[in-house]
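The values are calculated or read from the model by the stated rules, or taken from the named source; none is laboratory data. The structure displayed is predicted, hence computed values, not measured ones. Glycine gets a Cβ as well: all are built from the backbone with ideal geometry, and neighbour counts include every protein chain shown. Ligands, DNA and RNA are excluded from the accessible area calculation, which covers all protein heavy atoms including side chains. Shrake-Rupley method; radii C 1.70, N 1.55, O 1.52, S 1.80 Å.
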Amino acid sequence: MDIIHKTTSPQEYAQPSGPKTQSRQPSMLTWEIIRKGLAYILKGKMMLPDSHLPPAAHDVPVNFAGVGVATSGNPEVDDYVIARLDELGLRQVRLDFTYSDIGHDAARFLERLLEKDFSVMLHVVQPFDAAINMENAAAQQTWHHFLQQVLAQYGNRVDMIEIGSTINRKRWAGYTPQGFLKTWEIAYHEIKQHGIKLAGPNISDFEPLYNIGLLEILQERGQLPDVHTNNLFSERSTEPERFDHRILKYRQATALKFNLVKKARLLHKITADYGVKEVMSPSAFWTLPRILRLLPDGEQKQADYLARYMILCAASGALSQAFWGPLICYREGLIDDGSESYPELERITHYASVTGDIRQFRPRPSFYTMQAFISLIPGRHYLGALRSSHGLEIHAFKDQNTLVHAVWTTNGKGAVLADHYQLNDLQQAQYTSREGKEPLARPGLASESPLYITWPSGRNITLKTEKGLFANLSIQRHGEEKHHHAYQDHEWRGILVASNDEEAALLSHTLHPSRLPKPSKDAILRKARNAIWTIDDPRDPGRKLVVKQPVKMHAHKKLFDQFKLSKAKRSWNGTNELLRRGVDAAAPVAYFEMHGDRSLLQNYYICEFVPTDFSIRDIFAAFNNGETAYLGVTAEQIYPQLTRYLLNMHAKGVFFRDLSGGNILVTKLENEQLGFSLIDTNRAHFFNHGTPLPKRLSDLTRVCVKLPWHSRNQLVGMYLKELNQPFGWRQRLPFHLYDFKVGMKKRIGRKAIKRLFKKK
């Protein structure tokens, strides 16, 4: 008899009825799990020296990578999924299977997978309403009968069966600790009678108290799994390499060093301490909405993170397998289903089915990134981490034929390959992009998108002593299809952006500081502390470029700025990071700086010239003088659009620090729309989260300095309303303080003193 239950959403159990064990208050068993976990930790068993670094010399399993699969009511989806798995070169899959699946779509698909000899991890999932009631005898009997059906039909044909589903997330899975242990007890005895490999309990994220407490209880009961499963996410740390700030917040993150590798290695130690031989991550992913909070190139970043995550998992030596989440899904799949819909129940808990029209399915960059990883890393011997600090990662893998280095930087950074490799080794190497493609030109820089560098296995590659020649370099990797080229001669060094090697040669010749035309009177845009002028674009004489060079440096600035990057490099970094985050700015073309320059004046930043109509300073000065419009633009037109622009900038984690009206350029577009872009970007700071409110207000004080208070109330009030913040005295105080500072500078600052002496 088929067992079909109506699946009830977690929202319907916001106030669950039934036994007291279903209360939201922690049960005695919950406290027992926590107590056992704390006892383990206090005994020092979580201490593993240098566990944030991957250990050298271990083999990556051939079957290391896998993916979650599902189907729909359309049998053509079965064929589509199998074809895509073949394209990936992937034989390991995880399929969620619940009460209502017997005799239906998932059962039909499972038979197809088994016919095609895929290695299936069958994840047996209970509906939410069944899981939440597993302390009741009737629910236990239903579960027992369902398992018997599944095992009788598929047990000897699947690779393993996983029991448990995000059991530390009751709002998703529905389990109480008592209910889950009863679920496990029934499953354990049935599965072991059939001699099938048992995996579980599927804890989500890194919460070792659950792992320790549950494994100890299962050990006491003689019910340990064969494979310990934990969905090892890094998503909320933003990047796979980052130390997790959620563990005692940002300041302690660097000291504790809980990165992906450390989490994997600690889970492996916990698993081994309780006598279980394997630990694996059956599902993890980056959702596009979470990426898009900070970065506009969601699909590109998802692909970057996938490659970096899988390489680090393989390098950790701790996991027998690591699976991505759903193969096909709008929000986090390697393939977009085109539906723009998502079920109420998280797919990490139950990947029930594929939605959308098969004709709209589209492989994402992450699909081809997984394909490249599978072809290059599993089955190799991991030699070790050759670089794993200062934002640069180099990991070496080897088999009988080839030596592969996986190279990348953390987000937004760049590293010149010639600073780390011998030139002859770079010239003799083969290069493969993150997606398995051969680059059009030999890469000169490593970026946030992993690059695979390959040599014959017999070649001895020795890295140079690590040096900081291009330390703290930022680049925008996911813009136009252009490449970054490092430049260096006996006097100058720098970076250029070009479409190909020929264009790079042209730019390095014509834009070299020794050949840059001096600023003519007609070309000068500004000359104060910096000289800013235009030159002809050598790629297109009909277009212009902008050159910026510092020409004056006060004595105290010259002293303190000796310890900073050059102004040109800071401008380059700031602009690239703005563009990475989807904030408009003039595109960078090149920067150059002189070796050993102590004057701090011998550096040049070159960017595209962006024709604009006016700056915020111009229009706000007009409003301050009582005008109601400037070049046909009214306050009612510009305030809402500027507000949206600034809200987006701050939501992307930008703290500009020099957001004066003159640094926000405005272009009039069609239908009364306005475009905004930023210049003078060298002071900008960036967060991996939205900009804190005090920093936002600091930026706004500079924007509004020329506005009268009634206009500030309108603009800033509009901005703060979107944040559900009042424009009260606490929010007004920074504006009054900045007004006071500006007023004092006008009275007793350097310029005021100069004017006084001129009068005399």
Go through the residues of the stretch 582-597 one by one and say whether even a single one is among the aliphatic types (A, V, I, L, M), in a helix (DSSP H, G or I) and closer than 29 Å to residue 421 by Cα.
no
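Here's the yes/no breakdown for (1) open to solvent by 10 Å² or more (accessible area, probe 1.4 Å); (2) among the aliphatic types (A, V, I, L, M):
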| position | (1), (2) |
| --- | --- |
| 27 | yes, no |
| 32 | yes, no |
| 41 | yes, yes |
| 47 | yes, yes |
| 60 | no, yes |
| 67 | no, yes |
| 88 | no, yes |
| 97 | no, no |
| 103 | yes, no |
Of all residues in the stretch 265-316, how many are touching a Phe, Trp or Tyr at 6+ places or on another chain (Cβ under 9 Å), assigned to a loop (DSSP other than H, G, I, E, B) and farther than 30 Å from residue 690 by Cα?
1
State whether the residues of the stretch 172-184 include one that is free of Cβ contacts under 8 Å to residues at least 60 places away in the same chain, surrounded by fewer than 23 Cβ atoms within 10 Å (Cβ to Cβ), in a helix (DSSP H, G or I) and more than 33 Å from the chain's Cα centre (by Cα).
yes
Every pair of residues 6+ apart whose Cβ atoms lie under 9 Å, when the first sits in the stretch 43-70 and is closer than 19 Å to residue 241 by Cβ and at pLDDT 95 or above while the second is open to solvent by 60 Å² or more (accessible area, probe 1.4 Å) and outside any loop (DSSP other than H, G, I, E, B)
56/383; 60/381
Can you find even one residue in the stretch 462-473 that is of a type in the set (D, E, K, R), at pLDDT below 85 and either closer than 19 Å to residue 607 by Cβ or within 33 Å of the chain's Cα centre (by Cα) (or both)?
yes
Would you confirm, using the coordinates I've provided, whether residue 715 is surrounded by 21 or more Cβ atoms within 10 Å (Cβ to Cβ), in contact with a Cys (Cβ under 8 Å, 6 or more places away or on another chain) and modelled with pLDDT of 95 or more?
yes
Failed criterion for residue 222 (all others in (1) open to solvent by 30 Å² or more (accessible area, probe 1.4 Å); (2) within 30 Å of residue 687 (Cβ to Cβ); (3) among the small types (Gly, Ala, Ser) hold):
(2)
Residues satisfying the stated conditions in the stretch 394-406, i.e. open to solvent by less than 20 Å² (accessible area, probe 1.4 Å) and in contact with a Ser or Thr (Cβ under 9 Å, 6 or more places away or on another chain)
394, 395, 403, 404, 405
Checking 588, 611 in turn, the sole residue that is touching a strand residue (DSSP E or B) at 6+ places or on another chain (Cβ under 8 Å), free of Cβ contacts under 8 Å to residues at least 60 places away in the same chain and not β-branched (Val, Ile, Thr) turns out to be 611
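Per-residue answers, yes or no, for (1) acidic (Asp, Glu); (2) in contact with a helix residue (DSSP H, G or I) (Cβ under 6 Å, 6 or more places away or on another chain); (3) under 23 Å from residue 445 (Cβ atoms); (4) not in a strand (DSSP E or B):
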residue: 372; (1), (2), (3), (4): no, no, yes, yes
residue: 382; (1), (2), (3), (4): no, yes, no, no
residue: 388; (1), (2), (3), (4): no, no, yes, no
residue: 403; (1), (2), (3), (4): no, no, yes, no
Report every pair of residues separated by at least 6 positions or lying on different chains whose Cβ atoms are under 7 Å apart, first residue within the stretch 200-211 and under 17 Å from residue 320 (Cα atoms), second buried (at least 24 other Cβ atoms within 10 Å of the Cβ) and acidic (Asp, Glu).
200/162; 202/162
Matching option when the condition is exposed (fewer than 14 other Cβ atoms within 10 Å of the Cβ), within 25 Å of residue 447 (Cα to Cα) and out of contact with any Pro (no Cβ under 7 Å at 6 or more places or on another chain), among 509, 490, 484:
509
Give the residue, chosen from 634, 534, 628, that is on the phi < 0 side of the Ramachandran plot and either acidic (Asp, Glu) or in contact (Cβ under 8 Å) with a residue 24 or more places away in the chain (or both).
534
